[in-house]
1. Sort out for me the helices (runs of 4 or more DSSP H) sitting completely within the range 331-440 that have 2 or more residues that are free of Cβ contacts under 8 Å to residues at least 60 places away in the same chain.
2. Among the residues of the range 299-310, which ones are touching a residue at least 24 places away in the same chain (Cβ under 8 Å) and either more than 20 Å from ILE198 (Cβ to Cβ) or open to solvent by 50 Å² or more (accessible area, probe 1.4 Å) (or both)?
3. What number of residues within the range 253-298 are basic (Lys, Arg) and either buried (at least 24 other Cβ atoms within 10 Å of the Cβ) or within 18 Å of ASN313 (Cβ to Cβ) (or both)?
4. Name the residues in the range 157-195 that are under 23 Å from ILE274 (Cα atoms), open to solvent by 50 Å² or more (accessible area, probe 1.4 Å) and at pLDDT 80 or above, would you?
5. Read through the list (1) under 21 Å from GLY425 (Cβ atoms); (2) in a helix (DSSP H, G or I), then give the number of the only condition that MET323 fails.
6. Under the condition of being among the aromatic types (Phe, Trp, Tyr) and open to solvent by 50 Å² or more (accessible area, probe 1.4 Å), which residue from the range 130-144 is farthest from ALA95 (Cα to Cα)?
Amino acid sequence: MSKPVIAIVGRPNVGKSTLFNKLIGERRSIVEDVPGVTRDRIYGETEWGGRRLIVIDTGGIEPKTDDIILQQMRTQAQLAIDNADVILFMCDVRAGLTASDRDIAVMLQKSGKPIIPCINKCDSVGNLPFEFYEFYELGFDCEPIALSSVHGSGTGDILDEVLKALPETDEEDDEDDSIKVAVIGKPNAGKSSIINRIVGENRLIVSNIAGTTRDAVDTQIENEHGKFTFIDTAGIRRSSKINDKIEKYSVLRAHMAVERADVCLIMIDAGTGITEQDEKIAGIAHEAGKACIIVVNKWDSIEKDNSTVNNFNERIRTALAYMPYAPIVYVSALTGQRISTLFGHITYVHNQANTRISTGMLNEVLAEATTRVQPPSDKGKRLKIYYMTQASVAPPTFVFFCNNVELFHFSYQRYLENCLRQTFGFSGTPIKIVIKMRGE
């Protein structure tokens, strides 16, 4: 089931990013410093009342401006609003209710989404300034909430209101046994064309379901390979309302789609080759632990010789060195070349990501690996790995119990990961390794 999305919007410098950091700061995942994997600060997660929530931080909105940067920030905020289940509208009590606040309030009311007005810089909540009561004029269903994003006061009240505004969880979502496939990539890589071609070649379409909170249409297909739900991050039936030339938009779309997916198709345009933006988008799927397939589209438009595929493979593997596990498939949405093979790849990597290995088999591999290459040592102390076990799937997660976590160098972790892949496969899926001291 997808996690609810909370967007923080408002004028510049009202404290949106500070609130964002308060909401996610203590729960932000620690991500390895892997080349090509970057994180955008506008996206994070938090937990409240037993529910995981996605939080989006946006640039400040200036409703009436000719400044090109501010216009782009406004468009970015509109994208966050379109994708949100609940909107936190932040204002500054010290500035009072401004004309810009009123204009933004009108824009938000048109969205039809639940709006929670958050009045920041109320450093003494027990003694609210007179200006606080001006914000009742905005006329939202939810009363204004006093907040100090610096001190963190009021954040609990805000999250309580968020949970009240969210719909009850839909049990039907849990019964959907289809494989969720996110088609991600930079603008004009052919995301919608791939899905349209898949739909055209696989006539047995179960349904087209408009996402309740996503600016996209999910296409459900059932064929001899199984049931699939394709998530098009650009919208299948209508052209996007957002200017995709601005990098952050496609990154944010990718975050939304990856969150819901079991498998990610990372679309690369054969004509332009792999770009820095492709690396960033692929990194999102890698960090999220999703099974991945690299799909090079528009292959029909490339002049080829005996070394074309090998050269392209080498460039992709160099740029995406952090995900050597992902298979590469060359297709053409225009001609339909190799489109039918995607279903086999999708089901295979999905199964690989959900593979579970018994503890006995894992420790046989571990014993052989440590015999072949001795664990590292430092100043006379040698790493001892007592045993390992698999904690979860999707991605396959393995816990190693040892005598000293600091001795368990990254290079040796990588060696053991390679041993696992050589023995059990795990093609198309990242592997997560957790190191613990014995007794933890």
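1. Values: elements: 342-353, 359-372, 410-424.
It comes to 359-372, 410-424.
2. ASP300, SER301, ILE302
3. Residues flagged as basic (Lys, Arg) and either buried (at least 24 other Cβ atoms within 10 Å of the Cβ) or within 18 Å of ASN313 (Cβ to Cβ) (or both) within the range 253-298 amount to 3.
4. Within the range 157-195, SER193 is the sole residue that qualifies.
5. In the conditions (1) under 21 Å from GLY425 (Cβ atoms); (2) in a helix (DSSP H, G or I), MET323 misses (2) alone.
6. Selected residue: TYR136.
Each row is one residue, and each column tells you yes or no for (1) closer than 26 Å to THR397 by Cβ; (2) exposed (fewer than 15 other Cβ atoms within 10 Å of the Cβ).
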residue	(1), (2)
PHE312	no, no
ARG315	no, yes
LEU320	yes, no
TYR330	no, no
SER340	no, no
ASN351	yes, no
ARG356	yes, yes
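The values are calculated or read from the model by the stated rules, or taken from the named source; none is laboratory data. The structure displayed is predicted, hence computed values, not measured ones. With ideal geometry, Cβ positions are generated from the backbone for all residues, glycine too; neighbour counts draw on all protein chains shown. Please note that ligands, DNA and RNA were not included when accessible areas were found on the heavy atoms of the full protein model with its side chains. Shrake-Rupley method; radii C 1.70, N 1.55, O 1.52, S 1.80 Å.
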